[in-house]
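Chemist: So that we are looking at the same thing, I have put the structure below in structure tokens.
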Amino acid sequence: MTEENTSTHPLLNIDDLTTSFFIDSSIFRAVDSVNLTLHRGEIFGLVGESGSGKTMTALSILRLVPPPGRIERGKVIFEGRDLVRIPAKEMQKIRGNKISMIFQEPMTSLNPVFKIGDQIAEILETHTEFSKKEIKERTIELLMRVGFNEAEKRYIQYPHQLSGGQRQRILIAMAIACNPSLVIADEPTTALDVATQSLILSLLQNLMVEHRTAMLFITHNLNVIKQLARRIGIMYAGRIMELNSVNDFFTDPLHPYSKGLVESIIGLERNERRLKAIPGSVPRLSELPRGCKFHPRCAFVMEICKTREPPVTQITNEKWVRCYLYRN
Amino acid sequence: MLSISELTKTFEVRKTAFSIKKHVISALDKVSFFVEKGETLGVVGESGSGKSTLARCILMLEVPDSGTITFAGADLMDLTHNQLRTYRKRMQIIFQDPYSSLNPRHTVYYTIAEPILFHHIAPKEETRKRVIEIFKNVGLDEDFMNKYPHEMSGGQRQRVAIGRALATNPALLIADEPVSSLDVSIQAQIINLFMDIKEQYAITMIFISHDLNIVRFVSDNIIVMYGGKILEMGTKEEVLNHPLHPYTQMLMNASQGKFSHYKGQDIIDISGCLYYPRCQRRKAVCKNSVPPLTGDKDHMVACFKE
């Protein structure tokens with residue numbers, strides 16, 4: 001794959017990021033030793049089931065982890081600066097400006113008592129020096145860019161007057177308002193219908209490609225990632241278990257958990273009578289097993305997996321897995 | 001087994017909380033179909049297509065405006081409340097969210113035992129035996145017996161909801177989006193469970209989902225709904241291998257993860273085909289007249305194209 005000098009200067013470099021919740025003198029690691037790099041203009045898919053730590057990883061990047069949680073250790077290097085250590089004032093200038101986020105539930109992330117146009121304009125007021133008139137023009141342009149025909153009419157509408165898909169497009173307009181270099185999209189289509197979902201995805205993809213914006217796309221839906229992303233990370237119990245290219249992942253997944261996920265995708269092209277399901281269920285943070293966190297559900301479990309957590313095994317330059325099957 | 005004919009249900013909605021003028025929303029518009037004994041019918045559609053209203057009407061949880069529902073030889077709309085109760089024993093429903101459909105203050109044991117006691121399915125002293133048997137059939141460990149819903153994971157809760165539905169030995173099971181709130185790895189487990197139940201209990205099922213991929217796995221026949229109408233229906237093979245309606249084709253693409261592009265137009269008053277505003281292949285005729293559902297019994301479609 002050709003990579004124009006992007007590999008030398010990654011846009012985002014997460015190193016050993018660990019975010020924990022301190023409750024009643026116990027520690028729950030929601031994000032544990034996460035390593036991740038994102039290049040400029042790249043769409044990266046972060047996949048995991050609920051409770052696997054996807055959203056907490058996103059919130060840690062933006063330093064929005066709710067108390068009693070906090071970033072315990074690690075670095076988040078974004079455009080050369082460590083976001084974990086910069087002052088809170090500096091961080092505010094980055095949020096919504098250089099890095100923006102699209103949340104899952106569009107109704108709860110919009111304010112019901114303000115016009116949608118004003119809500120988009122607010123971001124521009126905060127982060128740019130534009131005049132009132134310029135801001136209004138730009139807001140209308142943004143509404144058009146996310147596919148609203150009568151943008152001026154939309155400007156004065158309220159969130160409840162829009163459908164779920166339209167609200168999600170408003171959130172996208174807000175996310176791209178300041179031409180960010182990174183957009184974090186946390187399950188942006190999960191609450192939507194299949195048809196609306198595919199529209200939102202194609203809109204996002206076009207916008208990202210157009211402006212060479214990088215996107216960290218968080219989802220539990222592997223079918224979506226297949227179309228959207230080039231690289232994929234699989235999260236389980238707070239850890240990234242496997243990092244792979246999307247093509248290799250679907251044809252030859254490395255980690256036993258990934259194998260299970262790929263086999264349990266319900267696709268139209270497959271014709272088995274029964275699905276291959278992963279037995280058991282996702283462990284709670286309070287009941288994590290010793291050793292490899294996946295070992296109680298794993299079909300290839302060995303003695304060592306039960307006591308020691310597997311370290312990262314690098315397979316190729318951009319492909320690694322946390323599993324003892326690949327040690328040696 | 002179950003035959004639905006011209007089923008219609010409308011809801012009156014005020015535009016705002018204070019308006020006097022009411023809007024009539026048609027949730028089901030002359031829906032007709034039948035399900036043979038032991039068959040599974042898959043119902044696909046987006047939210048607002050009338051899928052759930054259909055499920056509620058079949059169980060008479062919602063009283064339809066007109067039409068007939070014939071179940072095991074009786075027209076459910078003619079029955080009195082007491083008569084209906086004996087029929088409800090034989091028709092059960094599983095909802096999407098197992099957390100809100102289970103009583104948080106009842107143990108799992110009582111949740112499953114309650115319908116057995118209420119409908120006098122088994123003598124009192126045999127209740128425990130029946131519950132243990134159901135536990136085994138839905139793949140739950142007996143240790144769970146005295147747990148409460150909040151102590152269980154989503155997949156386990158859905159197993160309990162399925163167990164409760166099976167407790168009365170129903171002839172008809174309606175599953176309304178039973179896996180959409182579950183994680184991917186758990187979805188596959190629950191779908192497999194439905195396949196097992198189908199074989200083991202020889203049950204007639206109506207399986208509702210917005211995801212064609214899921215419906216495809218369990219169904220013998222498929223109905224595609226949009227805006228309260230059936231747009232396409234037929235055997236699974238026919239509908240999936242030769243989808244005729246543009247809407248079905250779009251759903252198939254979407255479920256394979258292919259993106260579609262359409263210029264959305266919000267036309268509310270449509271006198272013709274409901275799908276007209278979004279259709280890729282609309283023609284002049286579609287705007288003003290409603291296409292009838294035509295075809296043979298293996299495959300019917302409501303579209304002027306064919």
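Chemist: Here is a check on your reading of the model: is B:ILE203 crowded, with 22+ Cβ neighbours inside 10 Å, β-branched (Val, Ile, Thr), modelled with pLDDT of 90 or more and more than 30 Å from A:PRO256 (Cβ to Cβ)? Can you show your working first?
Modeler: Numbers: crowded, with 22+ Cβ neighbours inside 10 Å: no; β-branched (Val, Ile, Thr): yes; modelled with pLDDT of 90 or more: yes; more than 30 Å from A:PRO256 (Cβ to Cβ): yes.
Against the criterion (crowded, with 22+ Cβ neighbours inside 10 Å, β-branched (Val, Ile, Thr), modelled with pLDDT of 90 or more and more than 30 Å from A:PRO256 (Cβ to Cβ)), B:ILE203 does not qualify.
Chemist: Filter the stretch A:276-288 down to the residues that are surrounded by 15 or more Cβ atoms within 10 Å (Cβ to Cβ) and under 14 Å from A:ASP32 (Cβ atoms) and list them by number.
Modeler: Across the stretch A:276-288, the qualifying residues are A:PRO283, A:LEU285.
Chemist: Would you check if A:CYS323 is in contact with a His (Cβ under 9 Å, 6 or more places away or on another chain) and either modelled with pLDDT of 90 or more or within 14 Å of chain B (Cβ to nearest Cβ) (or both)?
Modeler: On the way: in contact with a His (Cβ under 9 Å, 6 or more places away or on another chain): yes; either modelled with pLDDT of 90 or more or within 14 Å of chain B (Cβ to nearest Cβ) (or both): yes.
Spelling it out, A:CYS323 is indeed in contact with a His (Cβ under 9 Å, 6 or more places away or on another chain) and either modelled with pLDDT of 90 or more or within 14 Å of chain B (Cβ to nearest Cβ) (or both).
Chemist: Right, something else. Among the helices (runs of 4 or more DSSP H) lying completely within the stretch A:37-145, list those that include at least 1 residues that are touching a strand residue (DSSP E or B) at 6+ places or on another chain (Cβ under 7 Å). Spell out how you get there, then give the answer.
Modeler: Details: elements: A:54-61, A:88-94, A:106-109, A:116-127, A:132-145.
Once the helices (runs of 4 or more DSSP H) in the stretch A:37-145 are filtered for at least 1 residues that are touching a strand residue (DSSP E or B) at 6+ places or on another chain (Cβ under 7 Å), what remains is A:54-61.
Chemist: Do we have A:ALA229 as under 14 Å from the mean Cα position of the chain (by Cα) and away from chain B (no Cβ under 14 Å) here?
Modeler: Working: under 14 Å from the mean Cα position of the chain (by Cα): yes; away from chain B (no Cβ under 14 Å): no.
So A:ALA229 does not fit the description; no.
Chemist: Could you list, in sequence order, all residues of the stretch B:43-61 that are aliphatic (A, V, I, L, M) and assigned to a loop (DSSP other than H, G, I, E, B)? Give the steps one after another, and end with the answer.
Modeler: Of the stretch B:43-61, the ones aliphatic (A, V, I, L, M) are B:43-44, B:54-55, B:58-61.
The answer is B:LEU59, B:MET60, B:LEU61.
Chemist: Among the numbered criteria (1) more than 23 Å from the chain's Cα centre (by Cα); (2) crowded, with 21+ Cβ neighbours inside 10 Å, which single criterion is violated by B:PHE144?
Modeler: Only one criterion is unmet by B:PHE144, namely (2).
Chemist: If I filter the stretch B:246-253 for residues that are outside any strand (DSSP E or B), surrounded by 24 or more Cβ atoms within 10 Å (Cβ to Cβ) and within 8 Å of chain A (Cβ to nearest Cβ), do I get at least one hit?
Modeler: yes
Yes or no, residue by residue, for (1) under 27 Å from B:LEU182 (Cβ atoms); (2) of a type in the set (S, T, N, Q); (3) out of contact with any Asp or Glu (no Cβ under 6 Å at 6 or more places or on another chain):
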position: A:GLU152; (1), (2), (3): no, no, yes
position: A:PRO159; (1), (2), (3): no, no, yes
position: A:LEU162; (1), (2), (3): no, no, yes
position: A:ARG169; (1), (2), (3): no, no, yes
position: A:MET174; (1), (2), (3): no, no, yes
position: A:ASN179; (1), (2), (3): no, yes, yes
position: A:THR189; (1), (2), (3): yes, yes, yes
position: A:VAL194; (1), (2), (3): yes, no, yes
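Chemist: Please enumerate the residues belonging to the stretch A:137-162 that are in contact (Cβ under 8 Å) with a residue 24 or more places away in the chain, over 21 Å from A:MET101 (Cβ atoms) and not charged (D, E, K, R).
Modeler: Result: A:TYR155, A:ILE156, A:GLN157, A:TYR158, A:HIS160.
Chemist: I'm checking my understanding of the structure. Among residues of the stretch B:176-186 that are at the interface with chain A (Cβ under 7 Å from one of its Cβ atoms) and in contact (Cβ under 8 Å) with a residue 24 or more places away in the chain, which one is surrounded by the most Cβ atoms within 10 Å (Cβ to Cβ)? Talk me through it step by step, then tell me what you get.
Modeler: From the stretch B:176-186, those at the interface with chain A (Cβ under 7 Å from one of its Cβ atoms) are B:183-186; that's our starting set.
Filter again for in contact (Cβ under 8 Å) with a residue 24 or more places away in the chain, leaving B:183, B:186.
Details: B:ASP183: 23, B:ILE186: 25.
Out of the qualifying residues, it is B:ILE186.
Chemist: If we keep just the residues of the stretch A:296-324 that are aliphatic (A, V, I, L, M) and within 21 Å of A:GLY280 (Cα to Cα), which is surrounded by the fewest Cβ atoms within 10 Å (Cβ to Cβ)? Walk me through how you get there before you give the answer.
Modeler: So in the stretch A:296-324, the residues aliphatic (A, V, I, L, M) come out as A:299, A:301-302, A:304, A:312, A:315, A:321.
Still in the running and within 21 Å of A:GLY280 (Cα to Cα): A:299, A:301-302, A:304.
Numbers: A:ALA299: 9, A:VAL301: 17, A:MET302: 13, A:ILE304: 14.
Looking at the filtered set, the residue picked out is A:ALA299.
Chemist: For A:ALA195, all conditions in the list (1) surrounded by 23 or more Cβ atoms within 10 Å (Cβ to Cβ); (2) within 26 Å of B:SER209 (Cα to Cα) hold save one; what is the number of the exception?
Modeler: In the conditions (1) surrounded by 23 or more Cβ atoms within 10 Å (Cβ to Cβ); (2) within 26 Å of B:SER209 (Cα to Cα), A:ALA195 misses (1) alone.
Chemist: Looking at (1) at pLDDT 90 or above; (2) under 20 Å from A:ALA195 (Cα atoms), find the lone condition where B:SER219 falls short.
Modeler: Among (1) at pLDDT 90 or above; (2) under 20 Å from A:ALA195 (Cα atoms), B:SER219 violates only (2).
Chemist: Follow-up. Would you be able to tell me the number of residues in the stretch A:209-226 that are more than 11 Å from chain B (Cβ to nearest Cβ) and farther than 15 Å from A:GLN168 by Cβ? Can you show your working first?
Modeler: So the first thing to find is which residues in the stretch A:209-226 are more than 11 Å from chain B (Cβ to nearest Cβ), and the list is A:209-218.
Cutting the leftovers down to farther than 15 Å from A:GLN168 by Cβ gives us A:209-214, A:216.
So the count comes out to 7.
Chemist: Further question: Kindly establish whether B:LEU2 is over 19 Å from B:GLY227 (Cβ atoms), over 13 Å from the mean Cα position of the chain (by Cα) and either surrounded by fewer than 13 Cβ atoms within 10 Å (Cβ to Cβ) or of a type outside the set (Asp, Glu) (or both).
Modeler: On the way: over 19 Å from B:GLY227 (Cβ atoms): yes; over 13 Å from the mean Cα position of the chain (by Cα): yes; either surrounded by fewer than 13 Cβ atoms within 10 Å (Cβ to Cβ) or of a type outside the set (Asp, Glu) (or both): yes.
So B:LEU2 passes the test.
Chemist: Something else now. Could you pull out the residue among B:LYS129, B:LYS136, B:LYS30, B:LYS37 that is among the charged types (D, E, K, R), assigned to a loop (DSSP other than H, G, I, E, B) and either surrounded by 15 or more Cβ atoms within 10 Å (Cβ to Cβ) or out of contact with any Cys (no Cβ under 7 Å at 6 or more places or on another chain) (or both)?
Modeler: Details: B:LYS129 fails: assigned to a loop (DSSP other than H, G, I, E, B); B:LYS136 fails: assigned to a loop (DSSP other than H, G, I, E, B); B:LYS30 fails: assigned to a loop (DSSP other than H, G, I, E, B).
Matching residue, one of B:LYS129, B:LYS136, B:LYS30, B:LYS37: B:LYS37.
Chemist: Taking B:TYR99 as meeting all but one of (1) crowded, with 18+ Cβ neighbours inside 10 Å; (2) in contact with a His (Cβ under 9 Å, 6 or more places away or on another chain), write down the number of the exception.
Modeler: Unmet for B:TYR99, out of (1) crowded, with 18+ Cβ neighbours inside 10 Å; (2) in contact with a His (Cβ under 9 Å, 6 or more places away or on another chain): (1).
The values are calculated or read from the model by the stated rules, or taken from the named source; none is laboratory data. For clarity, every value in this text was computed on a predicted model and none was experimentally measured. Positions of Cβ are backbone-derived with ideal geometry, glycine not excepted, and every protein chain shown enters the neighbour counts.
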